[in-house]
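Structure record follows, encoded as structure tokens.
Nothing in this text is a laboratory measurement; each read-out follows from the coordinates by a stated rule. Worth saying up front: this structure is predicted, and the values here are computed from it rather than measured. Here the Cβ positions follow ideal geometry from the backbone for every residue, glycine too, while neighbour counts run over all protein chains shown.
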Amino acid sequence: MGKKNIPENNLAAEGLTVEGFTPTDHDHGSHDHGNYDHGNYDHGNYDHSGHDHGGNPFAHAALSGVPYTSYLDFSANINPLGMPKSAIRAARKALAELSGHYPEPTYHELRQAAAAAWEVPAENIVAGNGAGELLDATCRLAAWQEAVVFTPTYSEYARAARRAGLPVRCLPAFHPDHLPSSSLLKELPTPELKPRSLIFVCQPNNPTGTLVSREALAVLARIAAQKEGLLVVDESFLAFCPEEAACSSLPLLFSGLPVLVIRSLTKIYGMPGLRLGLSIAAPETAKALQAALPPWNVNSVAAAAGSAALVEREFLTLTRERLTRWRVRLVKKLTSAAAGGTLLQPLPAAANFLLTKITSEHWSSPQLTAALAKELVLVRDCRSFPELGERYIRLAVRRPADQDRLLAALTRLTVRPEP
């Protein structure tokens, strides 16, 4: 796919600019802001401050006295291959040479590297301090009337919208009981939108690992266009999927539809501690998004590491090949173990993580999470997704040796007395 000029959407023409935004512009209607609140769950006797995103080995280490490096973390969906060596070298060089200077404010080198890797114009790319910052800025981008999310899904869409004063409408779409037997969902509910609505889609969806067909996303984008809205597609995990080319929303953006794509570099390139995300949008939308962000929002070390990582095409190929193979292995091992009485049954997934259902009625997700933590294995308790209750655990795809350690811990738990 060669570089294309992306037509500007109608944000500027309709006066939807950063300057035009005021919290009082939002119609809060009758939507209940409490229906998707994940902040009231206890995930291991430590405070997440309302954010439930994994096992937090540092907090477990502080409570147990065991070094955090002793924990095997299946709760965070990070590339187990780690950072590319070139990115490590670039980060070290930037730390040594650039720490005494402010970052280059336009992030020219980073945006050029992303433009070359993704074959899009650099003017359409905006850098963020992680995908979360870009989500927040997108919600402040215009006088949006509401945000629509398809649940269960990543909770930060709803949180970012509420921080911007937006009502949030949740549409059930990804409950495991209603997903297809494959990992591809061919259609999503088609909402009746208010004018100037934001629609969020996670591609592939977190926590289910389900891909959404481009045709289904195109339907949503056309609905958004009719209502002067914006479809936000979070492709933070799509780089792990061999189906990326067939399922990315960039072609929809190139066609002139109101689409904004967010991609996280920290997951695929194994550097979550550096915090780095990029968005791709129509030119006027990108300008407005940049204006909504603080200056120097990405540090020089992260920018340098990201610029180097984006060049590593062979690293991406190797990652996809190995993680696809390791995911198949983990599914087979868990399925075989579940048939023999072990605790977790995996669901179909295309991502670098698996949603698994607890097969024993004697265990709940918080009980199993706590028991595995005592085995120094951390998993993602999915009770923070209200639709899933206490029956689901999410597992990252890790190396075979790590998988064997997880399976051994699960086997030990099945032969113990029920809690």
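With R₀ set to 30 Å, the beta-carbon distance separating Glu119 from Thr335 gives a calculated FRET efficiency near 0.20. Electrostatic tally near Phe74: other residues with Cβ closer than 10 Å to its Cβ, Lys and Arg +1, Asp and Glu -1, net +2. Residues Arg327, Arg159, arranged from fewest to most other Cβ atoms within 10 angstrom of their Cβ, appear as Arg159, Arg327. Shape verdict for the range 280-419, please, from the Cα gyration tensor: rounded (a/c under 1.5), prolate (a/b greater than b/c) or oblate. Verdict is prolate for the range 280-419. Shape class of the range 57-187 from the Cα gyration tensor (axes a ≥ b ≥ c, square roots of the eigenvalues): oblate, since a/c reaches 1.5 or more and a/b does not exceed b/c. Mean separation of Cα pairs under 8 Å and 6 or more residues apart, divided by the residue count, gives the range 76-204 a relative contact order of 22 percent.
In percent, rounded to a whole number, the relative contact order of the range 153-254 is 27, using alpha-carbon pairs under 8 Å and six or more apart.
The alpha-carbon of Lys93 sits under 17 angstrom from the alpha-carbons of these lysines, leaving out residues fewer than 8 places away in its chain: Lys85. Give the shape of the range 172-260 as rounded, prolate or oblate, defined through the alpha-carbon gyration tensor: a ≥ b ≥ c are the square roots of its eigenvalues, a/c under 1.5 means rounded, and otherwise the shape is prolate if a/b is larger than b/c and oblate if not. Oblate shape, in that a/c is at least 1.5 and b/c is the bigger or equal ratio. Each part reduced to its alpha carbon centroid, the range 359-373 and the range 190-222 end up 32 Å apart. In summary, the lysines within cross-link reach of Lys194, defined as a Cα separation below 27 angstrom excluding same-chain residues under 8 places away, comprise Lys186, Lys227, Lys287.
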